[in-house]
């Protein structure tokens, strides 16, 4: 019997309309756990580097994590992997919600799509019965609308639906896959789904998920819940409100946006409005948010409330989480939060990434102001800030006129437009739009995470270690007192010695080696979460989370019946990390790509930055080009990867 | 019949506090798995969420008695501007829906307040509801003693309803011969 996982994947060939239920090799679970790890293994094995993102040979994988659907709190993530049309590298965008647990209860660990459907279809997975159904009547429908229509049509109110909107159908590079309160939005996974001509995946599952050591496992789950209660009663002092507790930043709960509005950049990641927040705005924004917010909601089996049901009078209801209430508002220079909730509704129905899309639009209007784009490009566009954004959003998702160029994201649009537009592409890493954050002094830990993160998204890499030093020794002492999550006591000393100013401050402290240690720890927790399907909000993202390197091995053993300890789990993390690096190295990723935006910090230290990269690569067992060495691959049971990379000249003779 | 003191176990449901996470379904199904906690499956849960996020409907409902036939009519309630079917509040394991039935056998399920040895402090759904949408109360009442049908009897009754008495008798007879 297989525990925690089902032991079966669903393979769907869309070109031929063929559906197969395929047993998986339990050895792969021991090597990669599941989720991101086994997704990466499949992409390595089956998608060679010459396969283009919009080729029928590209795969689109909906993976559940190893713990997904078990009683482990917050284990609900769907890990979607493919080759990104935007970066041409591996995309691993993820979502919470209710989809992955339902899929596992239907009896599958993954759904793997290949080929392209000749006409628009949706997939209906009802336990053992799987159908490819006509979706021509759903063409152009919104993501929320599609989910409602399908549930009615099937008379299955408890089915879970992951759908694309117009943006995905039109292969917009920032198209998302939306699923109720959650979306898998980064790196264009919705565009690949659109390219495969799949409108939605619908799943209903009523099968058991088995647990290997029941009593031990439930005991550990109860410990996690107890710790969540402890953390709810003990917010971390001395850090900003949204970082004090667990979960993803509690943007639906909190109404005080002084920090974001005055520290994040407005427009095309350019303008800081230090005096934006005042009493009048605070009152207005508070009343807007409380008015449209119907309920704070969670994902499957999680006590947090990171999302909300949003009903703006006059437009249909949708669900929101995290930061997207502000991304459009700030990119468009609109001072009323009402706009943020309204345009996010349309954007959710269209199915676009709420981080990248507003930045693309702000970039376009900057180009217009600079005369790089012309009035002809914007014929018919209103002049007010709100109207402009609605107008352009409509053009982008339909790929009309200038929208067709912008639908490829800032990097590609800038090169297609030319005429100096490249200079306005100042906030992308590896061709992907980043948070609109511009800071003063280089932070060595953040430098490394921005530069090397394979997910190309800082919020999915950071966590665990405070973002800045505590001013006083008393605060540091208090912080480390119950810091049980550290993998090694040395991290406590790093924090104790970290000062705001002087020799022990950024950029030279934490030192190069310490920075590498810290990044490795943060990255490790994210990689483990993404293989287990546990939400980062209860693990790798917040300070002092309930899941950590010391309890994870026991939880994995008890759930899946796989003997596990910290060393073995660390080995699995390194294996998955190296495999993803190898996939991307094989697709052409080089050291030259590994850099944060030039203007991310005002004060840069090129020599130090090179040293940081050198040390990080060395620590990982990579050469100074960021390519895993043959020896380190062999040590991670990835000799077959080295054997592939060597004849391609990617691994050089050592 | 004589009067006896009976402990009445009450789960108070505050739907305004529900975040819709379905942890109650998860832990209920795990607790009632055999062996205990050896699997989980919300479809086997004795508490189910009537859940329609877009309409802001979040309603936990507990499995009650088995019923052989569905109601003749269906009423609708409008509460706080939201429309509910009376079935949404109904605890019956009923042919009209897939709630409160074992997904494989179709046998009815019923909430037992997590009877356990040693007893649980509170039903598991309450323990796992960190948002306190479910809270637990006890009170004592004097009630008339009555004889309750056992689990096997309730199960058999539903099989009889589904397949007819003769078929069940024949099947039981055949099975007992095999043994």
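Give me a single rounded figure for A:213-222: the average over its residues of other chain Cβ atoms within 10 Å of their Cβ.
Mean number of neighbouring Cβ atoms from other chains: 4.
State log₁₀ I(q)/I(0) for region A:242-433 at q = 0.11 Å⁻¹ as given by the Debye formula over alpha-carbon point scatterers of equal weight, solvent excluded.
Rounded to two decimals, the profile gives -0.51.
Enter the mean number of other protein chain beta carbons within 10 Å of the beta carbon of each residue in A:296-305, as an integer.
Mean shielding by partner chains, rounded to a whole number: 6.
Over the Cα atoms of chain A, what Rg and Dmax result, in angstrom?
23.4, 68
So for each of A:85-95, A:64-74, B:81-91, A:620-630 I average, over its residues, the number of other beta carbons within 10 Å; can you give me the resulting order with the highest mean first?
By packing density, highest mean first, the sequence is A:64-74, A:85-95, A:620-630, B:81-91.
Starting from the Cα gyration tensor of region A:80-168, multiply each eigenvalue by 5, take the square root, and state the resulting semi-axes largest first in whole Å.
21, 18, 14
Average the reciprocal distances over every distinct pair of alpha-carbons in region A:406-522, invert the result, and give the Kirkwood radius in Å.
Every distinct Cα pair counted, the radius reaches 16.2 Å.
To the nearest µm²/s, what D does Stokes-Einstein give for region A:149-283 at 10 °C and 1.306 mPa s, using the Kirkwood radius over alpha carbon pairs as Rh?
Roughly 81 µm²/s, to the nearest whole number.
Evaluate the Debye formula for region A:412-477 with equal point scatterers sitting on the alpha carbons, no solvent, and hand back log10 of I(q)/I(0) at q = 0.15, 0.27, 0.30 Å⁻¹, in q order, two decimals.
The Cα Debye sum returns log10 ratios of -0.63, -1.22, -1.33.
Take every Cα-Cα pair in region A:609-654 and report what % of them are more than 18 Å apart.
26
Within the P(r) computed for region A:361-427, what percentage of the Cα pairs occupies the region above 17 Å?
Percentage above 17 Å: 32.
If you take the Cα atoms of region A:3-110, find Rg, then find the Kirkwood Rh from the mean of 1/r over all pairs, what is Rg/Rh?
In region A:3-110, Rg relative to Rh is 0.96.
Let me understand region A:8-204 better: what is its radius of gyration from the alpha carbons, and its Dmax, in angstrom?
That works out to 15.0, 44 Å for Rg and Dmax.
May I ask you to sort A:284, A:204 by Cβ crowding, counting other Cβ atoms within 10 Å and putting the fewest first?
Ascending number of Cβ neighbours within 10 Å: A:284, A:204.
Taking the 0 to 90 degree range and rounding to the nearest ten, how far is the long axis of helix B:165-178 tilted relative to the main principal axis of chain B, both from C-alpha atoms?
Helix B:165-178 sits roughly 70 degrees off the main axis of chain B.
Please report Rg over Rh for region B:3-145, where both radii come from the alpha carbon positions and Rh follows the Kirkwood definition.
We get a ratio of 0.97 for region B:3-145.
Taking every eigenvalue of the Cα gyration tensor of region A:332-479, multiplying by 5 and rooting it, what semi-axes result, largest first, whole Å?
Result for region A:332-479: semi-axes of 34, 18, 14 Å.
Compute the relative contact order of chain B as a whole-number percentage, counting only Cα pairs closer than 8 Å that sit 6 or more residues apart in sequence.
Taking the mean separation of contacting Cα pairs over the length of chain B, I get 30 percent.
Could you work out the relative contact order of chain A, using alpha carbon pairs under 8 angstrom and six or more residues apart, expressed as a whole percent?
Computed value for chain A: 16 percent relative contact order.
I need the Kirkwood Rh of region B:8-73: take the reciprocal of the average 1/r across all distinct C-alpha pairs and report it in angstrom.
13.5
Normalised radius of gyration for region A:315-377, please: alpha carbon Rg relative to 2.2 N^0.38 Å, two decimal places.
Normalised Cα radius of gyration, region A:315-377: 1.21.
How far apart, in nm, are the 7 Å Cα→Cβ label points at residue A:473 and residue A:255?
Modelled inter-label distance: 4.3 nm.
Tell me the Kirkwood radius of region A:439-645: reciprocal of the mean inverse pair distance over distinct alpha-carbon atoms, in Å.
17.9
Beyond 13 Å, what share of the Cα-Cα pairs of region A:161-206 is found? Please give it as a whole percent.
More than 13 Å apart: 45 percent of the Cα pairs in region A:161-206.
Where a number appears in this text, it was derived from the coordinates with a stated rule and is not lab data. What you see is a predicted model; the values in this text were computed from it and never measured. Every residue, glycine among them, receives a Cβ derived from its backbone with ideal geometry; neighbour counts consider all protein chains shown.
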